[in-house]
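Single-structure report; data block below.
The values are calculated or read from the model by the stated rules, or taken from the named source; none is laboratory data. Quick caveat, the model's predicted, so the values are computed rather than measured. Using ideal geometry, Cβ is built from the backbone for each residue, glycine included, and neighbour counts are taken over all protein chains shown.
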Amino acid sequence: MKHTKFGLWVGAAVLALSAGIAAAEPALKLATLEGGTVSWELDTITHYGLDEAHGFSLEVMPVAGKDASAVALLAGEVDGIVTDWFWVARMRAEGQDFRFIPYSKAVGGLMVHPESGIISLADLKGKKIGIAGGPLDKSWLILRAWAAQQGGFDLAAETEQVFGAPPLIMQAGLSGDVDAAINFWHFMAKMEAGGMTTLLPVAQAAKDLGLDPETPLLGYVLRGETVDEHPEIAKGLADASRAAKDKLSADPEAFARLRPVMNAKSDAQFEALKKGFVEGIPANAPVDAEAAGRMLELMAKLGGEKLVGPVTELPAGTFLSF
């Protein structure tokens, strides 16, 4: 009898363990920039269990930069990354299958000090502009196109440019080492808190050029095979992302919890970062492929193959919708 009871107990334990293993959520591993704004959303997803609530287990692999995340994805070390859809379009044009789930429509802009006397882009002639990134930075290209269309002058030829990492450009702008600065939105939030003002938002310049500022630029990028083999995971990520955005938009405590990792040096910076994040939340709707195609056409014209590779029109299947 004792042996029988023991056997039943062991059998029950094995069944329970098997059930637990079977019930484990499939893992999704993402490589993301360490300390980047997307980490706020991913931290929110895992802290509140939004991944498990939507059928998967999120694993995050921090990387040092955008290129490192792309290398990890191409090498098969991760299932996805966060980058712009121009990269996805380029990869698809080259025969590689990646898909894009919108994350943010937030873009940067050109900032100046109020006392600088610079009230239009024309006033930048002969001035020094600090630009986060390189000569192919998309914000810089759009602002160049705007200056050519609206003012009839070549912003690159009429100014001196200093290219650098976002933190360096922020400091150069705040210190006055450059007359104007083009930076990413979250650094702009800190620059605004430091007294600088936005002369021309990239979103406004894009709109004036006939582009749709509602087109999300950044998103979660997954392997096509991951989406095809596990469509429920792709949808789960999209749903968890939206749930995290809703949480951060509606619950002040959710953002307060993140403050230590947001690198906000003051209350003003913290509030500006919150505001910028929420304003960058894209519509909960499919991406307008026609509008994205117009943006891609402009980027191809301005940046050429160095920016978008061989792609000349938006490849079908770039954007995921559910």
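To keep it simple, each residue is scored yes or no on (1) over 18 Å from Leu121 (Cβ atoms); (2) modelled with pLDDT of 95 or more; (3) buried (at least 23 other Cβ atoms within 10 Å of the Cβ).
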| position | (1), (2), (3) |
| --- | --- |
| Lys138 | no, no, no |
| Gln150 | no, no, no |
| Thr159 | no, yes, no |
| Val162 | no, yes, no |
| Ala172 | yes, yes, no |
| Ala180 | no, yes, yes |
| Phe184 | yes, no, no |
| Glu192 | yes, no, no |
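Condition (residue is of a type outside the set (S, T, N, Q), at pLDDT 95 or above and in a loop (DSSP other than H, G, I, E, B)) applied to the stretch 82-92: is it met by at least one residue? Looking through the stretch 82-92, none of the residues is of a type outside the set (S, T, N, Q), at pLDDT 95 or above and in a loop (DSSP other than H, G, I, E, B). Among the residues of the stretch 233-248, some residue qualifies, meaning at least one is without any contact (Cβ under 8 Å) to a residue 12 or more places away in the chain and over 27 Å from Arg92 (Cα atoms). A residue that is in contact (Cβ under 8 Å) with a residue 60 or more places away in the chain, surrounded by fewer than 22 Cβ atoms within 10 Å (Cβ to Cβ) and within 15 Å of the chain's Cα centre (by Cα) occurs nowhere in the stretch 61-74.
Does Ala268 satisfy the condition of being assigned to a loop (DSSP other than H, G, I, E, B), assigned by TED's automatic domain parsing to the domain that holds Asp84 and small (Gly, Ala, Ser)? Working first, answer last.
Values: assigned to a loop (DSSP other than H, G, I, E, B): no; assigned by TED's automatic domain parsing to the domain that holds Asp84: yes; small (Gly, Ala, Ser): yes.
Considered against the rule, which asks whether it is assigned to a loop (DSSP other than H, G, I, E, B), assigned by TED's automatic domain parsing to the domain that holds Asp84 and small (Gly, Ala, Ser), Ala268 comes out as no.
Taking the stretch 91-105 as the range and being within 19 Å of Val227 (Cα to Cα) and buried (at least 20 other Cβ atoms within 10 Å of the Cβ) as the test, the residues that pass are Met91, Arg92, Phe98, Arg99, Phe100, Ile101, Pro102, Tyr103.
Name the residues in the stretch 109-133 that are free of Cβ contacts under 8 Å to residues at least 40 places away in the same chain and over 16 Å from Phe187 (Cα atoms), would you? Within the stretch 109-133, Glu115, Gly117, Ala122, Asp123, Lys125, Gly126 meet the criteria.
Looking only at the stretch 303-310, decide whether some residue is touching a residue at least 40 places away in the same chain (Cβ under 8 Å) and not in a helix (DSSP H, G or I).
Going through the stretch 303-310, the residues touching a residue at least 40 places away in the same chain (Cβ under 8 Å) turn out to be 303, 306-310.
Subsequent filtering for residues that are not in a helix (DSSP H, G or I) retains 309-310.
Looking for residues that are touching a residue at least 40 places away in the same chain (Cβ under 8 Å) and not in a helix (DSSP H, G or I), one finds at least one in the stretch 303-310, hence yes.
Here are Leu211, Leu298: which of them is under 29 Å from Trp146 (Cα atoms) and in a helix (DSSP H, G or I)? Leu298 is the lone residue from the list that is under 29 Å from Trp146 (Cα atoms) and in a helix (DSSP H, G or I). Taking the stretch 270-288 as the range and being loosely packed, with under 14 Cβ neighbours inside 10 Å and either free of Cβ contacts under 8 Å to residues at least 40 places away in the same chain or touching a Cys at 6+ places or on another chain (Cβ under 9 Å) (or both) as the test, the residues that pass are Ala285, Pro286.
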